[in-house]
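The values are calculated or read from the model by the stated rules, or taken from the named source; none is laboratory data. Just so it is clear, the structure is predicted and the values come from calculations on it, not from any experiment. Reconstructed Cβ throughout: ideal geometry from the backbone, glycine too, with neighbour counts over all protein chains shown. To get the accessible areas, we keep the full protein, side chains included, count just its heavy atoms, and leave off ligands, DNA and RNA. Shrake-Rupley method; radii C 1.70, N 1.55, O 1.52, S 1.80 Å.
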2 protein chains.
Amino acid sequence: MNASSKPERTRLSAENWEDAALDVIAEQGVGALAVEALARRLGVTKGSFYWHFRTREALLQAALERWEQYGEREVIAQIEAIPDPRERLPELFRRVAHELQPHRVYAALLKALDHPLVVPVMARVSQRRTEFLATAFREAGLPPAEALNRARLTYAAYVGFLQLNFTLGLPRISHEDFDAYVEHMIATLIPA
Amino acid sequence: MNASSKPERTRLSAENWEDAALDVIAEQGVGALAVEALARRLGVTKGSFYWHFRTREALLQAALERWEQYGEREVIAQIEAIPDPRERLPELFRRVAHELQPHRVYAALLKALDHPLVVPVMARVSQRRTEFLATAFREAGLPPAEALNRARLTYAAYVGFLQLNFTLGLPRISHEDFDAYVEHMIATLIPA
DNA sequence: GGCGATCCATACTCAAGCGTATGGTAACCG
DNA sequence: CGGTTACCATACGCTTGAGTATGGATCGCC
């Protein structure tokens with residue numbers, strides 16, 4: 001079950017390439033996904049790559065599919081496990097706010113929305129998450145139409161925050177200020 | 001005062017190139033900004049370009065500066081002209097929501113945050129707009145700390161909305177649904 | 001109306017990055 | 001333990017797009 005770290009002298013599989021691709025995407029964006037650079041990163045050459053994948057696009061496609069599948073599983077499951085529906089949203093907000101790592105790929109993909117391959121993936125993921133939020137808002141007491149709009153608003157705020165404070169390094173908000181911001185979000189977006 | 005249309009047989013200036021660059025950015029993104037393509041679009045060749053600009057990056061830089069300067073002027077002025085402070089924010093929301101054109105460059109630049117040149121520009125612009133929002137929220141009656149957080153939240157929602165519904169073409173929300181969404185935003189984000 | 005400055009065309013060079021061809025080595029299997 | 005299969009190295013071709021060199025056309029101005 002370990003084959004995704006750095007310098008393992010073993011031979012590579014397609015999944016290794018996909019994981020490495022996602023790492024590069026998270027660190028330097030989709031544009032920096034080049035096969036020769038990736039090969040160097042993995043300690044091999046292009047010859048290896050073109051055995052596993054027919055083209056560069058094929059790798060990107062596979063990596064995106066991989067990310068889409070193994071992406072949100074945990075968070076959604078954890079939140080749905082919370083018994084009181086009215087506690088789910090605040091908990092979701094706080095949890096998401098303090099896990100930076102999983103958002104890096106998402107943020108990187110937001111900056112790559114010109115690429116035709118990432119658009120449908122992001123569309124599906126965002127759609128699912130928004131719907132998840134909508135049901136959560138309904139369970140929290142909002143009428144359906146309002147719940148959907150609130151979900152859109154909330155998810156847009158999440159996406160925008162990623163762009164402004166994550167990739168763009170806006171005035172590097174302090175830790176306690178950030179916590180205050182999260183609580184402010186909870187107070188304004190979640191019905192009492 | 002007219003020199004930015006398509007097929008004017010006159011000779012070109014640096015400003016013409018910058019405007020054309022912004023058009024391309026708005027339509028196809030920063031990545032599609034290539035000098036030979038731009039030259040074709042303007043009916044000339046690279047020879048012309050490299051007389052006006054030292055490099056491709058120089059053009060991008062100049063175009064971004066141009067956009068940053070002549071960008072928001074009008075909106076802010078118009079809003080500040082509204083006498084009743086409590087009417088400014090709803091009016092701002094509705095106005096911004098129905099002017100799609102000016103947001104195209106901004107949306108395109110959001111997708112180009114990997115490029116080192118656009119980051120500082122976007123940082124400055126977003127910073128200024130957020131501060132503008134913050135004072136508006138203060139004038140609307142929110143205490144300073146809360147006003148700042150509400151401004152952050154609001155602007156993040158704006159940015160996220162651009163990404164999700166503009167560049168990404170999410171479930172193509174209908175016109176009346178969109179209006180309902182805007183009103184929901186107003187009701188949720190603006191203090192009564 | 002000629003002359004320097006401005007603007008543009010043509011024809012190159014050069015580097016990056018994808019993809020291909022082909023031969024080599026290590027694993028696995030009978 | 002020989003041979004097939006899976007994986008990788010090396011060396012090449014090809015395209016795209018940036019940047020350069022240089023000469024031609026056109027404008028402004030005296």
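Structure above, values below:
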quantity	calculated
Point-charge dipole on Cβ atoms (K/R +1, D/E -1) for chain A, about Cα centre, debye to 20	620
Against the rule of thumb 2.2 N^0.38 Å, how large the Cα Rg of the protein assembly as shown comes out	1.08
Mean Cα-pair separation over length for chain A, i.e. relative contact order, pairs under 8 Å, 6 or more apart, %	20
Averaged over B:64-76, number of beta-carbon atoms from partner chains that fall within 10 Å	0
Span from the segment A:119-192 Cα centroid across to the segment A:66-115 one, whole angstrom	10
Position A:Gln28, label points 7 Å along Cα→Cβ, spacing to each other copy in nm (shortest first, one decimal)	2.6
Residue mean of other protein chain beta carbons inside 10 Å, A:147-156	6
Extreme residue, positive dipole direction of segment A:1-111, given options A:Val105, A:Leu12, A:Leu89 (C-beta unit charges)	A:Leu12
Additional length obtainable on full extension of the chain from A:Thr55 to A:Glu131, 0.36 nm per residue less Cα span	23.9 nm
Protection proxy ranking, peptides A:174-181, B:27-34, B:151-158, average beta carbon neighbours within 10 Å, highest first	B:151-158, B:27-34, A:174-181
Closest Cβ on chain B to the rotation axis that carries it onto A (distance rounded to whole Å)	B:Gly160, 2
Rounded FRET efficiency, nearest 0.05, which uses the C-beta distance separating B:Phe178 from A:Glu80 and R0 of 22 Å	0.15
Average accessible area per residue (Å²) across segment B:71-132 - probe 1.4 Å, nucleic acids and ligands excluded	50
DSSP-assigned coil residues among chymotrypsin sites (Phe, Trp or Tyr not before Pro) in segment B:41-74, each with at most 14 further Cβ atoms within 10 Å	B:Tyr70
Length-normalised contact order for segment A:14-67 - Cα pairs under 8 Å, 6+ apart - percent	45
For the pair B and A, total buried accessible area rounded to nearest 100 Å², probe 1.4 Å	3000
Copy-to-copy label separations for B:Glu15, where each label sits 7 Å from Cα toward Cβ, in nm and ascending	6.0
Whole-Å semi-axes of the ellipsoid equivalent to chain B (Cα gyration tensor, √5λ, descending)	36, 17, 16
Whole-Hz ³J(HN,Hα) from phi, Karplus 6.51 cos²θ - 1.76 cosθ + 1.60, for segment B:51-67, glycine and proline x	7, 7, 10, 6, 8, 5, 4, 4, 4, 4, 4, 4, 5, 5, 4, 4, 4
Residue-wise HN-Hα coupling along segment B:118-131, computed from phi with Karplus coefficients 6.51, -1.76, 1.60 (Hz; x: Gly, Pro)	7, 4, x, 4, 4, 4, 4, 4, 5, 4, 4, 5, 5, 5
Paramagnetic reach from A:Arg124 (point 7 Å along Cα→Cβ, amide N under 12 Å) across segment A:50-88	A:61-71
Inter-site label distance for A:Ile186 and B:Glu99 at 7 Å from Cα along Cβ, in nm	3.8
Residue-wise HN-Hα coupling along segment B:72-77, computed from phi with Karplus coefficients 6.51, -1.76, 1.60 (Hz; x: Gly, Pro)	9, 2, 4, 3, 4, 4
Using a 7 Å Cα-to-Cβ projection, A:Gly141 label spacings across copies, nm, ascending	2.1
Mean residue ellipticity (222 nm) of chain A, computed from DSSP H runs ≥ 4 via -39,500 (n - 2.57), nearest 500	-21500 deg cm²/dmol
